[in-house]
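Asks: Following this message is one structure expressed as structure tokens.
Coordinate-derived values only; no laboratory data. Bear in mind the structure is a predicted one, so any value in this text is a computation, not a measurement. Neighbour counts run over all protein chains shown; Cβ positions are idealised from the backbone, glycine included.
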Amino acid sequence: MKAFSLDSEALAARRERARQRASEREGPRLASDFAAGKPIDDDDLATLLLSQDVPTADLLAIARANRPPGAPKLQTFSPLYISNECDGECLMCGMRRVNSELERVTASEAATDEQLDILYRRGLRGVALLTGEYRYGPMRDEMLKRTTAAARSALERNFSHVLINIGSLEVEEYDVFFGGVSPLADAARLTMCTFQETYDPVVYERFMGSVRENPRSDFVRRLENFDRAADAGFRSANPGLLLGLNRDLAYELLALSAHVRHLLARDMLVYISLPRLRKASGAAYRVGVSDDDLARVVALLSVAFPQAKVVISTRETPEMQRLLVPVIGVLTAGSPGVAPYTDAGARFELEKSQFEVTDQRSIEVILAEHLAAGATIDGYEPAAASFANPA
Ligand code: SF4
């Protein structure tokens, strides 16, 4: 299959049409169709997003009614940063290469394994392995080697879901990865994560830069990463937006939906991440989108793609988690610090982390709240003590 591509001018024209339709008050009729399960396309989704006469509470109610009956069925995984070093220059990120305020740390292989043991003891069965992205050369090779070793360790420890979030890889780098995790590599247990952050090439360049030696600045290379991942053997993909980079949410929704459809057509399982911009070390504080806009995007994607899983993290407050849990597929909890976990908690130092986490309660407390409310959570087997006494 041809790699995913975007025509940003055509998308912008479709967003304009959606704006026009919303101003002509097509939203309520579309919401009725949406509630009745009639097929609606991506242009309808963008129109609903922009329709101020369709309350967000109505969209959430439609999304709730569309979920399987009974209590929410969630998955979880926790992030494990192996390093906060990075050659990227993304303006919104604490890990960017030129941020002298960040204390740089890379965990040893032994320390990474110890972190996996801690997370496993604490009941986690899903883990996302994260690093920065690196220029071609020894550091890039070394960090790929480290991540491959960590993935292999996680699979050996029987983690049921291992997510790889280390930037976009080349064909030969995928070969290195699969060579390193084989024969444990069970495609059903592995997910490749690369959030485009924004599908607008102009906004992308504004934040991610245009230095050719910095692979992260290459918009198209990142856009095509899941196609290389699929060709290499990944069966699961996790695209995402960083909400707040581009104010034009309808454009982003149209582009993300097209990307999700492409990945589903490739027979991939799809996770959709929607993190909001948060405070980061040394970066000018930028506010992400409003609670209301986040809830609208989540509700629309939840209904449009019932076979995909929307991911919300503890970047969100406990109140937002409670609002969204009935319509999402994954709630992730943990720290963006490097090797931050202890047997009872985690470190959350902004001066060593990619960004600020809003909800710093322990993983056990966060997940126990939803278990107590009746949810089931795949990827978490709470230790008896932590479930009985989460505090
Ligand atoms: S967003 Fe990713 S690539 Fe960019 S500076 Fe941060 S860690 Fe590096």
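Asks: Multiplying the sequence separation of Ala265 and Asp291 by 0.36 nm and subtracting their Cα-Cα distance, what value in nm do you get?
Replies: Net length gain for the segment: 6.2 nm.
Asks: Here's something else I'd like to know. Put +1 on the Cβ of every Lys and Arg and -1 on every Asp and Glu Cβ in the chain; which of Val270, Tyr204, Ser23 then has its Cα farthest towards the positive end of the dipole?
Replies: Sorting the options by dipole projection puts first Ser23.
Asks: Next question. Hey, if you drop one equal point scatterer on each alpha-carbon of the chain and run the Debye formula without solvent, what base-10 log of I(q)/I(0) do you get at q = 0.12 Å⁻¹?
Replies: Here log10 of I(q) over I(0) equals -0.92.
Asks: Next question. Can you compute 3J(HN,Hα) from phi for each residue in segment 250-259, using the Karplus curve 6.51 cos²θ - 1.76 cosθ + 1.60 with θ = phi - 60°, rounded to whole Hz and x for Gly and Pro?
Replies: 5, 4, 5, 5, 4, 5, 4, 4, 4, 5
Asks: Determine, for each peptide in 253-263, 367-377, the mean count of other beta carbons within 10 angstrom over its residues, then list the peptides with the highest first.
Replies: 253-263, 367-377
Asks: Using a Förster distance of 25 angstrom, determine the FRET efficiency expected from the C-beta separation of Arg121 and Asp186, and round it to 0.05. Before the final figure, lay out each step's value.
Replies: Working: r = 23 Å, r/R0 = 0.91.
The pair Arg121/Asp186 has a calculated efficiency of 0.65.
Asks: Given charges of +1 on the Cβ of Lys and Arg and -1 on the Cβ of Asp and Glu, with all other atoms neutral, how large is the dipole of segment 71-197 about its Cα centre, in debye to the nearest 20?
Replies: That gives a dipole near 560 debye.
Asks: At 7 Å along Cα-to-Cβ for each site, give me the label-to-label distance between Arg64 and Gln307 in nm.
Replies: 2.8 nm
Asks: Okay, next question. Determine ³J(HN,Hα), in whole Hz, for all residues of segment 339-350 in sequence, where each value follows from phi through the Karplus function 6.51 cos²θ - 1.76 cosθ + 1.60 and θ = phi - 60°; x replaces Gly and Pro.
Replies: Here the 3J(HN,Hα) series is 6, x, 8, 10, 5, 10, x, 7, 8, 10, 6, 4 Hz.
Asks: Counting only Cα atoms, I'd like the Rg/Rh figure for segment 37-87, Kirkwood definition for Rh.
Replies: Radius of gyration relative to Kirkwood radius: 1.20.
Asks: Shifting gears a bit: Please compute the modelled spin-label separation between Ala3 and Ala383, points set 7 Å along Cα→Cβ, answer in nm with one decimal.
Replies: 4.5 nm
Asks: Among Pro183, Pro326, Pro336, determine the one that fluctuates most according to a GNM of the chain built with springs between C-alpha atoms less than 10 Å apart.
Replies: Taking springs between Cα atoms under 10 Å, the residue moving most is Pro183.
Asks: Just in segment 99-188: which GluC sites (Glu not before Pro) are loop by DSSP and have at most 16 other Cβ atoms within 10 Å?
Replies: Counting only loop positions with at most 16 other Cβ atoms within 10 Å, the GluC sites (Glu not before Pro) in segment 99-188 are Glu101, Glu103, Glu170.
Asks: What is the set of long-range amide H partners of Lys279 at a cut-off below 5 Å, with H atoms built 1.01 Å from backbone N?
Replies: HN-HN under 5 Å from Lys279: Glu356.
Asks: Also, quick follow-up: Between Gly137, Gly329, Gly337, which gets the highest mean-square fluctuation from a Gaussian network model of the chain, Cα cutoff 10 Å?
Replies: Ranking Gly137, Gly329, Gly337 by mean-square fluctuation puts Gly137 first.
Asks: Suppose R0 equals 30 Å; then what is the FRET efficiency for Arg212 and Asp141 from their Cβ-Cβ distance, rounded to the nearest 0.05?
Replies: Efficiency, from the Cβ-Cβ distance: 0.95.
Asks: At what distance in angstrom do the alpha carbon centres of segment 326-362 and segment 252-319 lie from each other?
Replies: If you average the Cα positions of each part, the centres end up 18 Å apart.
Asks: Rank these for me by crowding, Val98, Val220, going from fewest to most other beta carbons within 10 Å.
Replies: Ranked by crowding around the Cβ, least crowded first: Val98, Val220.
Asks: Further, regarding this structure: Using the Karplus curve 6.51 cos²θ - 1.76 cosθ + 1.60 with θ = phi - 60°, work out ³J(HN,Hα) for each residue of segment 214-222 in order, rounded to whole Hz, and write x for Gly and Pro.
Replies: Rounded to whole hertz, the list is 8, x, 5, 7, 8, 4, 6, 4, 5.
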